[in-house]
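Data block below; observations after.
Just so it is clear, none of the values below were taken in a lab; they were calculated from the coordinates. All values derive from a computational prediction rather than experimental measurement. Positions of Cβ are generated from backbone atoms using ideal geometry, with glycine treated the same way; all protein chains shown enter the neighbour counts.
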2 protein chains.
Amino acid sequence: MKAIDILNSHSLKRTSCREGIIDVIMITNQALSENEIRERLSGNYDRTTFYRSFKTLEEHDIIHKIVIDNQIVKYALDTSIMHKNGHAHFFCNECHMVQCLESVTLQNVELPEGYTEEETEIIIKGTCAACKK
Amino acid sequence: MKAIDILNSHSLKRTSCREGIIDVIMITNQALSENEIRERLSGNYDRTTFYRSFKTLEEHDIIHKIVIDNQIVKYALDTSIMHKNGHAHFFCNECHMVQCLESVTLQNVELPEGYTEEETEIIIKGTCAACKK
DNA sequence: ATTACATTTGCATCGTTGTTGCATTTAAAA
DNA sequence: TTTTAAATGCAACAACGATGCAAATGTAAT
């Protein structure tokens, strides 16, 4: 599936910024920050445009945002699997790489009386294979 | 255990700001944001002082920071139980209340080959008992 | 109680990020 | 091609994290 098709299927205008963002994330196969995406893009876009593009893509469930420690913000593509139920994210403490983990889910959620769960975020921090060696 | 004792046992100077922060969190028995703590404190402190006090208390494992959605930052007291292994946090989508959950832990962590886990953060969003009814 | 010293505080200031308003430009439909 | 709604770039602002520095404060020694 191409970036153009994704935009079309959501009735979004095909702008070079949106198309580029989707392409870059798709190729890299990792969650990327605003700056990491900017570096990989040919065009030069205003910060506001980036911000609004991310927001639009997020609202249409094309990408989702991952926040680590209140400072590092990355974006990853949504997949049908990931969209169904929440999935975990892995953060490498060494290279700051962020990856979606589909297999990890939460078991035995025992909430206090009267509490209801709606959504769960799991972030696993550690060392990735490349940094381990 | 009093706030003064906690500070003493960590060889930290007993300043009214630090003492107040610990007291307020202790009494409320909930995670509180900077502003929520400021409202409950008698003295008037500079933003920088707050910031540095939180940092100091966090570095000495007296409190820990909880971040929701990159925007809401709250602080909770460390306890011996919570300090041992990571614990989950509950966030009420209605009243924005944050609470530590000691019972919820992660099972079946299946990381990709070569990946190592060091720390895990779990945030459960939903509705608390008070907002449910 | 007084003194001395290291720590803490308040203030000014800066960088980053999220956000909005508005005029201009652009994409897509008529 | 023309039209129109949407997207962009720019300016500007608020909030937050962070640092340098002089003044104030806590603590220990005298």
Item checked: Reduced Cα scattering model of region B:37-133, Debye log10 I(q)/I(0), q = 0.18, 0.22, 0.25 Å⁻¹ -> -1.02, -1.27, -1.37
Margin query: In whole Hz and in residue order, list the ³J(HN,Hα) couplings for region B:125-133 that follow from phi through the Karplus curve 6.51 cos²θ - 1.76 cosθ + 1.60, θ = phi - 60°; x for Gly and Pro.
Written below: 9, x, 10, 7, 4, 5, 8, 5, 3
Next item on the list: Give the shape of region B:1-50 as rounded, prolate or oblate, defined through the alpha-carbon gyration tensor: a ≥ b ≥ c are the square roots of its eigenvalues, a/c under 1.5 means rounded, and otherwise the shape is prolate if a/b is larger than b/c and oblate if not.
Entry: oblate
Checklist line | In sequence order, calculated HN-Hα J values of region A:52-66 (Karplus, 6.51, -1.76, 1.60; Hz; x Gly/Pro) | finding: 6, 5, 4, 4, 4, 5, 6, 5, 9, 6, 8, 10, 9, 9, 10
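Given A:LYS132/B:LYS55; A:LYS65/B:LYS125; A:LYS65/B:LYS55; A:LYS55/A:LYS125; A:LYS65/B:LYS132; A:LYS65/A:LYS125, which pairs have Cα atoms separated by over 19 Å? Before the final figure, lay out each step's value.
Working: A:LYS132/B:LYS55 30 Å; A:LYS65/B:LYS125 16 Å; A:LYS65/B:LYS55 26 Å; A:LYS55/A:LYS125 26 Å; A:LYS65/B:LYS132 28 Å; A:LYS65/A:LYS125 17 Å.
Over 19 Å Cα-Cα: A:LYS132/B:LYS55; A:LYS65/B:LYS55; A:LYS55/A:LYS125; A:LYS65/B:LYS132.
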Notebook entry, point to check: So what's the back-of-envelope 222 nm ellipticity for chain B, counting only DSSP H runs of four-plus at -39500 (n - 2.57) apiece and dividing by all residues, rounded to 500?
Noted result: -10000 deg cm²/dmol
Margin query: Can you compute 3J(HN,Hα) from phi for each residue in region A:9-21, using the Karplus curve 6.51 cos²θ - 1.76 cosθ + 1.60 with θ = phi - 60°, rounded to whole Hz and x for Gly and Pro?
Written below: 5, 10, 6, 9, 4, 7, 9, 4, 5, 4, 4, x, 4
Next item on the list: Once you have the Cα-Cα distance between B:THR28 and B:VAL109, take 0.36 nm times their residue separation minus that, and quote the gain in nm to one decimal.
Entry: 25.8 nm
Check: Dividing the Cα radius of gyration by the Kirkwood radius, what Rg/Rh value follows for the protein assembly as shown?
Finding: 1.01
Margin query: If I build a Gaussian network model for chain A, linking alpha-carbon pairs within less than 10 angstrom, which residue out of A:GLU110, A:GLU39, A:GLU94 has the largest mean-square fluctuation?
Written below: A:GLU110
Next item on the list: For A:LYS125, list long-range residues whose amide hydrogen, built 1.01 Å from N in the peptide plane, is under 5 Å from its own amide hydrogen.
Entry: A:PHE91, B:GLU118, B:GLU119, B:THR120, B:GLU121
Notebook entry, point to check: Can you give the FRET efficiency for B:ILE4 and B:THR48, using 1/(1 + (r/R0)^6), R0 = 25 Å, r = Cβ-Cβ distance, to the nearest 0.05?
Noted result: 0.60
